[in-house]
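The values are calculated or read from the model by the stated rules, or taken from the named source; none is laboratory data. Here the structure is a predicted model, which means the values were calculated and not measured. Glycine gets a Cβ as well: all are built from the backbone with ideal geometry, and neighbour counts include every protein chain shown.
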Amino acid sequence: MISTAKKEAAFGSWPSPLTADLAALSAKKLGGIAVSGHGSFILEGRPTESGFYRPAFAARCSYSTMKMSTTKKEAAFGSWASPLTADLVASSGKKLGGISVSGHGSFILLEGRPTESGRGVLVQHIDGPNDVFKDITPSEFNVRTLVHEYGGGAFTIDGDDVIFSNYKDQRLYLQSLTSGGQPIPLTPDYGGNEVRYADGVVDRRLNRFITVREDNRLKNKEPVNEIVAVELSGDNIKEPEVLVTGNDFYSFPRLNTDASRIAWIEWSHPCLPWDKSELWIGDLSSEGKILKKSCVAGKSGVIESPTEPKWSSKGDLFYISDRETGFWNLYCWDAKKDCSSAILPMEAEFSRPAWGFGNSSYEILDDCTILCSYRNKGKSNIGILDLMSHSFKQLRLPFTEIFDLLVRDNWLFVEVASPSQPLSVAKVNLGSIDSMNLDYTVLWSSNSLKLSEYSPYLSTPDIIEFPTERSGQTAFANFYPPHNDDYCAPAAEKPPLLVRCHGGPTAEARTSLNLSIQFWTSRGWAVADVNYGGSTGYGREYRERLYGAWGIVDVDDCCSCAKFLVRYPIIDSLRTPFWYGCWYIMMFYIFKFVFYGYGHATLVLPSFMF
């Protein structure tokens, strides 16, 4: 039927008020929706801003000013009283130095105790309704290594024995978990802590411990790093046998299942292991000597940083490298073909910078599947990688930080955290994989506080992306709004902003519960914890933005973050201090004394105060 009000024209020739310009400009993109503890927000892609994605929460952030509760006191931002005192923040946290499982299935971890001057103590979980832990390490010992100064990999569990480095003398000791006897030394006494050991694997075939040794006995010279073999008998202490030497640094010595091959990572000055490193393998003789060796990844002329080698039961070597995508992805070296291939290339980080020893970002479940964790724009995920189909199945755990995986039998032990959960260790039932939502139990927490009592004072962060001073580049931050259920601010008042700059510089501002940040947000401050250019978790290009510009890019990005938040406006531009370490305080006062663009002086808070 043709209406008398309509014009007759050929299909494809009709004029329309929906012009090309209108179509191009009218639509915003929806990048996601969420509800946080401080208000709902959406992620908009705005055509008027070249499609740049911004969290459009400015009009929605109440900061407890839109809804006046009769139970809340009205007080200016920054003046709220909080039960999160400085003493409580300083005394509440324990350190986690690694996890393992004994031969009879007991979970063991290394606990750093601030109440004992940071002493490292191995503790063993006792199954039962109360999740009791008992100390393994005798009171006169301190489990800690000083290799590369940052340590890590200070202990190794093999069956019902533990081999550990003692802080005072840096010697290796062997301790039985079942006999209750005292630890016995395995390495010579050099009269000090100049010779150090870290990150090892037990070779039961030859009853020895293969580990990294750092020798500082040559005064006024660089330390000598080597991979050595230490006899486990303890009856006749000998000088360890050198297996690999000649390069500046070593890590991750790993044996295959029959101890016929060994893999390791090495690198040399001036590179750090995430700049350029090499993965090597060596064939071992029946006497345990390396007969021949070859470079598998990171060969001359190839810029990559392989890390975390692990052997499968059938002799394939898996590792993580950033060769193809610029992100740390999983690779497999085929022993028969002598070649490597990426399993599932993607723009996500399956590892992190090896400042210390002992990273374990994945576990080989069988010949077809790998359980792995990865980081993508500020958040951790965990899933199953299918080697046959080269597909990935994401699993669900209610944590934003997931790293250092350990699988024994049908259980996963993993380090986790979230905005409401401090660094913890969860025990996950791998039998629940098919349900997507994994069954888990938290075995250990770094914080002894009853956090449910403090939940009304905890702020939940939003991950924001903001433009930097460099054209086309963006950076990221975790934005914490002020939150305290006891208070609301006067209408139209905006909170002060504290900008925090992490150390490293290749560290990352994470979203795990940080009481140093909550100290401020519970008092009415907003905090922006910035992942400036140079941070890890965003690939090699992002990490290398700091090359030749340390103290420039990072400081600029922190200022750009503050400017971005002021534009909304959701924070008070007159009150925007910066929270840096001493190096950044100096750089900020030299180059950025005035918070440029707004003309307001900026207070810089040294991080050691918190």
Discussion item. Being within 23 Å of ASN130 (Cα to Cα), without any contact (Cβ under 8 Å) to a residue 24 or more places away in the chain and surrounded by fewer than 18 Cβ atoms within 10 Å (Cβ to Cβ) is the requirement here; does SER452 meet it?
Written reply: yes
Fill in: Selected residue [more than 25 Å from CYS295 (Cα to Cα) and surrounded by 18 or more Cβ atoms within 10 Å (Cβ to Cβ)] from LEU243, LEU232, LEU218
LEU232
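Okay, residues lined up against (1) in a strand (DSSP E or B); (2) modelled with pLDDT of 95 or more:
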{"residue": "GLY431", "(1), (2)": "no, no"}
{"residue": "TRP444", "(1), (2)": "yes, yes"}
{"residue": "SER452", "(1), (2)": "no, no"}
{"residue": "THR460", "(1), (2)": "no, yes"}
{"residue": "PHE466", "(1), (2)": "yes, yes"}
{"residue": "ALA477", "(1), (2)": "yes, yes"}
{"residue": "PRO482", "(1), (2)": "no, yes"}
{"residue": "ASP485", "(1), (2)": "no, yes"}
Worksheet entry | Among the candidates ILE370, ILE343, ILE290, residue that is within 21 Å of ASN256 (Cα to Cα) and assigned by TED's automatic domain parsing to the domain that holds ASN429 | ILE370
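Let's see how each residue does on (1) without any contact (Cβ under 8 Å) to a residue 60 or more places away in the chain; (2) crowded, with 21+ Cβ neighbours inside 10 Å:
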position: ASN429; (1), (2): yes, no
position: SER432; (1), (2): yes, no
position: ILE464; (1), (2): no, yes
position: PRO467; (1), (2): no, no
position: PRO481; (1), (2): no, yes
Worksheet item: Could you list, in sequence order, the residues of the stretch 363-378 that are part of a strand (DSSP E or B) and at pLDDT 95 or above?
Response: GLU363, ILE364, THR369, ILE370, LEU371, CYS372, SER373, TYR374, ARG375
Discussion item. Restricting to the stretch 537-571, give me the number of residues that are in contact (Cβ under 8 Å) with a residue 60 or more places away in the chain, surrounded by fewer than 23 Cβ atoms within 10 Å (Cβ to Cβ) and in a loop (DSSP other than H, G, I, E, B).
Written reply: 4
Discussion item. Considering only the stretch 338-347, I want to know if a residue exists there that is in contact with a His (Cβ under 8 Å, 6 or more places away or on another chain) and closer than 22 Å to LEU430 by Cβ.
Written reply: yes
Practice prompt. Check off (1) in contact (Cβ under 8 Å) with a residue 40 or more places away in the chain; (2) outside any loop (DSSP other than H, G, I, E, B) for THR187 and give me the number that stays unchecked.
Written response: (2)
Fill in: strands (runs of 3 or more DSSP E) contained entirely in the stretch 280-361, each with at least 2 residues that are free of Cβ contacts under 8 Å to residues at least 40 places away in the same chain and surrounded by 17 or more Cβ atoms within 10 Å (Cβ to Cβ)
329-334
Discussion item. Residue pairs, Cβ under 7 Å, 6 or more apart or interchain, first in the stretch 394-412 and in a strand (DSSP E or B), second among the aromatic types (Phe, Trp, Tyr). List them.
Written reply: LEU405/TYR362; LEU406/PHE413
Worksheet item: For the stretch 511-533, which residues satisfy the criterion of being touching an Asp or Glu at 6+ places or on another chain (Cβ under 6 Å) and either surrounded by fewer than 24 Cβ atoms within 10 Å (Cβ to Cβ) or assigned to a helix (DSSP H, G or I) (or both)?
Response: SER512
Discussion item. Being under 22 Å from TYR319 (Cβ atoms), modelled with pLDDT of 95 or more and in contact with a strand residue (DSSP E or B) (Cβ under 8 Å, 6 or more places away or on another chain) narrows it down to one residue among GLY200, GLY246; which is it?
Written reply: GLY200
Item to complete: Give me a count of the residues in the stretch 384-407 that are within 26 Å of TRP333 (Cβ to Cβ), crowded, with 16+ Cβ neighbours inside 10 Å and not hydrophobic (A, V, I, L, M, F, W, C).
Response: 1
Worksheet item: Is it fair to say TRP274 is within 15 Å of ARG540 (Cβ to Cβ), surrounded by 15 or more Cβ atoms within 10 Å (Cβ to Cβ), at pLDDT 95 or above and among the hydrophobic types (A, V, I, L, M, F, W, C)?
Response: yes
Worksheet item: Does the stretch 493-505 contain any residue that is closer than 22 Å to SER82 by Cα, in contact with a Cys (Cβ under 7 Å, 6 or more places away or on another chain) and not in a loop (DSSP other than H, G, I, E, B)?
Response: yes
Discussion item. Quick test for you: out of SER471, SER420, pick the one residue that is among the small types (Gly, Ala, Ser), out of contact with any strand residue (DSSP E or B) (no Cβ under 7 Å at 6 or more places or on another chain) and crowded, with 16+ Cβ neighbours inside 10 Å.
Written reply: SER420
Practice prompt. Would you check if GLU493 is under 18 Å from ASP572 (Cα atoms) and surrounded by fewer than 21 Cβ atoms within 10 Å (Cβ to Cβ)?
Written response: yes
Practice prompt. Mind counting the residues in the stretch 309-335 that are small (Gly, Ala, Ser) and closer than 12 Å to ALA297 by Cα?
Written response: 1
Practice prompt. Of the conditions (1) surrounded by 18 or more Cβ atoms within 10 Å (Cβ to Cβ); (2) closer than 14 Å to VAL147 by Cα; (3) not basic (Lys, Arg), ASN193 clears all except one; give me its number.
Written response: (1)
Item to complete: Provide a single number: the residues in the stretch 379-393 that are assigned to a strand (DSSP E or B), among the polar types (S, T, N, Q) and more than 24 Å from GLN421 (Cα to Cα).
Response: 1
Worksheet entry | Positions within the stretch 242-263 being touching a residue at least 24 places away in the same chain (Cβ under 8 Å) and either small (Gly, Ala, Ser) or within 24 Å of SER176 (Cβ to Cβ) (or both), in sequence order | SER251, PRO253, LEU255, ALA259, SER260, ALA263
Worksheet item: Do we find that GLU508 is part of a loop (DSSP other than H, G, I, E, B), surrounded by fewer than 20 Cβ atoms within 10 Å (Cβ to Cβ) and not assigned by TED's automatic domain parsing to the domain that holds LEU423 in this structure?
Response: no
